[in-house]
1. Could you list all residues from segment 25-36 that are surrounded by 13 or more Cβ atoms within 10 Å (Cβ to Cβ) and on the phi < 0 side of the Ramachandran plot?
2. Is it true that some residue in segment 183-201 is in contact (Cβ under 8 Å) with a residue 60 or more places away in the chain and assigned to a strand (DSSP E or B)?
3. Given the conditions (1) outside any loop (DSSP other than H, G, I, E, B); (2) of a type in the set (Lys, Arg); (3) farther than 17 Å from residue 275 by Cα, which single one is not true for residue 168?
4. Yes or no: segment 91-101 includes at least one residue that is β-branched (Val, Ile, Thr), modelled with pLDDT under 80 and at negative phi.
5. Is there any pair with a first residue in segment 27-48 that is of a type in the set (Val, Ile, Thr) and a second that is surrounded by fewer than 18 Cβ atoms within 10 Å (Cβ to Cβ) and part of a loop (DSSP other than H, G, I, E, B) whose Cβ atoms are under 9 Å apart and which are 6 or more apart or on different chains, and what are they?
6. Pick from segment 41-64 the residues that are surrounded by 13 or more Cβ atoms within 10 Å (Cβ to Cβ), part of a loop (DSSP other than H, G, I, E, B) and of a type in the set (Val, Ile, Thr): which of them is modelled with the lowest pLDDT?
7. Residue check: is residue 124 of a type in the set (Asp, Glu) and at pLDDT below 90?
8. What's the total number of residues in segment 156-184 that are over 21 Å from residue 283 (Cα atoms), touching a helix residue (DSSP H, G or I) at 6+ places or on another chain (Cβ under 9 Å) and not hydroxyl-bearing (Ser, Thr, Tyr)?
Amino acid sequence: MDAAPQTVLETTADDWKCASCGGQRVFDPMTQKLKCEQCGALTELSVPVSGAIVEHDFSAAADAVDPAWNAATHAFKCGSCGAASVVGALETSVRCAFCGSPQVAEMGALPGIPPESVVPFRVERKQAKEAFRVWLSKRWFAPAAVKKEYLEDRISGVYLPYWTYDARTDSAYTAQAGDYYYVTEHVRVNRNGRMVTETRQVRHIRWRSVAGRYAEDFDDVLVAASRTIEPKWLDRLEPFPLEALQPYRPDFLSGFAAEHYGIGLRDGFGAAQQKMDLRIRQGITRSIVADEVRITSVNTTYSGVTYKHLLLPLWVSSYRYGTKTYRFLVNGHTAEVAGNYPVSVPKVLLTILGVLAAIAIAYYFISQATGT
């Protein structure tokens with residue numbers, strides 16, 4: 001449906017001050033409330049402008065600046081990895097949440113479409129650290145320095161930008177449909193030194209041309225809008241529970257950061273179309289009655305395209321080892337872990353030597369037993 005963008009709540013410094021002691025209140029994943037960092041007092045979240053999650057008309061979208069979104073946040077850009085992030089109005093950023101660099105400079109207003117819905121954090125910092133610890137403990141080839149760095153790490157809660165797309169699709173296709181048939185063949189084979197004739201059923205395929213139309217409706221095709229984290233790592237953290245989406249409130253950013261999208265709405269739709277195309281081809285293949293199907297062409301039209309800009313929760317721990325940056329990621333709602341790590345050459349060599357030694361010992365005992 002065509003709807004005007006939802007307005008982000010206006011906020012002031014007092015909105016995040018504790019009424020009891022004046023300390024800063026941050027969003028607490030465990031209670032889903034604002035919690036004072038000094039006295040622990042809990043406060044209900046502010047009421048969102050709208051209680052509905054709105055789908056917006058893709059064809060009418062415009063990258064407009066939202067003054068309320070910029071007034072409620074501080075924007076920073078990392079001079080090392082280039083990530084653009086926003087934090088709550090009362091917070092300051094001294095290190096990049098994505099690469100750990102202190103080269104962070106404050107920016108002016110952020111252009112673009114503001115987020116309007118959020119899957120809030122459910123996993124708190126302590127739980128994320130424990131998930132990291134367990135994950136790292138299973139990585140034998142990680143250097144000891146990596147585990148030490150993790151124990152002294154800077155782990156940050158970050159909301160990553162995503163787009164979702166809905167669309168109705170209609171596809172005209174052509175394909176080759178293959179039907180199996182079997183032919184009896186007689187072959188001469190050697191059986192125990194004698195040539196004998198055997199009968200075999202050999203499978204062949206009879207191809208025929210088919211054409212038709214295929215329609216499918218798509219709902220919430222998810223596309224990451226971050227250029228900071230590799231898609232393969234984000235794919236390993238899915239799924240995110242989109243049924244837990246809530247209308248955006250500035251409260252969710254208190255104590256956390258949010259990355260500004262690096263992949264725009266229209267480029268994101270291109271990525272969504274690739275996902276849709278894969279499902280369309282799978283659907284076409286299933287709809288054709290045949291033993292094998294080879295799709296030769298698909299021409300798809302899209303209608304009723306709508307989108308949402310949303311934020312999904314992620315715990316990020318990053319550090320530099322040598323000349324490279326490595327990241328450990330935890331899904332902030334499910335605690336699923338993904339990441340990469342450097343490999344310790346001494347540990348690899350030690351493992352290889354251990355395997356070779358085991359082989360040599362086994363060979364020695366086998367030789368002794370057989371007398372060879």
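The values are calculated or read from the model by the stated rules, or taken from the named source; none is laboratory data. Quick caveat, the model's predicted, so the values are computed rather than measured. Here the Cβ positions follow ideal geometry from the backbone for every residue, glycine too, while neighbour counts run over all protein chains shown.
1. Taking segment 25-36 as the starting set, the residues that turn out to be surrounded by 13 or more Cβ atoms within 10 Å (Cβ to Cβ) are 25-29, 32-36.
Once the filter is applied, which keeps residues that are surrounded by 13 or more Cβ atoms within 10 Å (Cβ to Cβ) and on the phi < 0 side of the Ramachandran plot, segment 25-36 yields 25, 26, 27, 28, 29, 33, 34, 35, 36.
2. Checked against the condition, which is being in contact (Cβ under 8 Å) with a residue 60 or more places away in the chain and assigned to a strand (DSSP E or B), segment 183-201 yields no hits at all.
3. Single failed check for residue 168: (3).
4. First pass over segment 91-101, keeping only residues β-branched (Val, Ile, Thr): 92, 94.
Okay, now just the ones that are also modelled with pLDDT under 80, so 92, 94.
Retained after the next criterion (residues that are at negative phi): 92, 94.
Among the residues of segment 91-101, at least one is β-branched (Val, Ile, Thr), modelled with pLDDT under 80 and at negative phi, which makes the answer yes.
5. Listed pairs, sorted by first residue: 43/19.
6. 49
7. Details: of a type in the set (Asp, Glu): yes; at pLDDT below 90: no.
Considered against the rule, which asks whether it is of a type in the set (Asp, Glu) and at pLDDT below 90, residue 124 comes out as no.
8. 3
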